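Notes follow once the structure below has been shown.
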Amino acid sequence: MLHKLMQQFISSELNQGKKLEIYPEEKEYMVKHELISNDITLIEKDPTTRFQEAYIERCDKETEETLSKESFAFLAHPMDYLQKHKNEFLYLESSWLELIGVDAISLEVNDVFGTYDVMVGLKLQKRFETSIKENLSKDLHGDDARFELMFNQNDGLWDLNFALNYVNGFQEEMLLEEVFRLIYRFLFKLVERIEERSKDVN
């Protein structure tokens, strides 16, 4: 799925010419899987701009009502914004998430464990359940690392919740912008490995 979406992305972007402006994750993938010819110029974009065009909301955890729509500038807040506003969760949509088959990212502080919890809808077929679980078990570090995974028949999506605290590279001092990039990279690599493993099995 990632392979196909990446090919579609390359095709639509190259209609503009022979230059391709992309971020490190996509560049790594394209080079590794030889998706581009040598005559294409790859320009690596500044990673901090990835979610510049994202749709961002602050929402009430209890009612799920939107409290405020936010601009990219809001992501300059430190991560502990959520510790100071435990009644809120952040919701982010982006075309970059569509590229990896994720509908949106929700982020909040878990009221029971105090961890930073990430909730996403993952567009992978039901048959990938074992592979998703195996990869998450490997990727989340720490004795208390946990995740919840449930297939939503109505949407055809995997509802995935995991604690960000156990993702490699996470630091509580991060800015929200850095945090969302870390989540993106984590999900990108997860989807990539699941796809590669499915090819090995078939």
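The values are calculated or read from the model by the stated rules, or taken from the named source; none is laboratory data. These numbers come from a predicted model, not from an experiment. Cβ coordinates were reconstructed from backbone atoms using ideal geometry, including for glycine residues, and neighbour counts include every protein chain displayed.
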Name the residues in region 135-161 that are touching a residue at least 40 places away in the same chain (Cβ under 8 Å), over 18 Å from Met1 (Cβ atoms) and in contact with a helix residue (DSSP H, G or I) (Cβ under 9 Å, 6 or more places away or on another chain), would you?
-> Asp139
Every residue from region 93-121 that is surrounded by 15 or more Cβ atoms within 10 Å (Cβ to Cβ), among the small types (Gly, Ala, Ser) and either in contact with a His (Cβ under 6 Å, 6 or more places away or on another chain) or farther than 26 Å from Met30 by Cα (or both) = Ser106
For region 132-152, name all the residues that are of a type in the set (S, T, N, Q) and farther than 11 Å from Leu190 by Cβ.
-> Ser137, Asn152
Please verify whether region 47-63 includes one or more residues that are more than 19 Å from the chain's Cα centre (by Cα), in the same structural domain as Ala104 (by TED's automatic domain parsing) and exposed (fewer than 11 other Cβ atoms within 10 Å of the Cβ).
-> yes
Please determine, by comparing only the residues of region 1-22 that are outside any helix (DSSP H, G or I) and farther than 20 Å from Lys123 by Cβ, which one is nearest to the chain's Cα centre (by Cα).
-> Ile22
Test: residue in region 24-42 that is over 26 Å from Trp158 (Cα atoms), among the β-branched types (Val, Ile, Thr), touching a helix residue (DSSP H, G or I) at 6+ places or on another chain (Cβ under 7 Å) and crowded, with 16+ Cβ neighbours inside 10 Å = yes
From the option list Leu75, Leu90, Leu124, single residue qualifying as assigned to a loop (DSSP other than H, G, I, E, B) and either crowded, with 19+ Cβ neighbours inside 10 Å or within 19 Å of the chain's Cα centre (by Cα) (or both) is Leu124
With the first residue restricted to region 9-37 and required to be among the basic types (Lys, Arg), and the second required to be modelled with pLDDT of 90 or more and part of a helix (DSSP H, G or I), Cβ contacts under 8 Å at 6 or more apart or on different chains are none
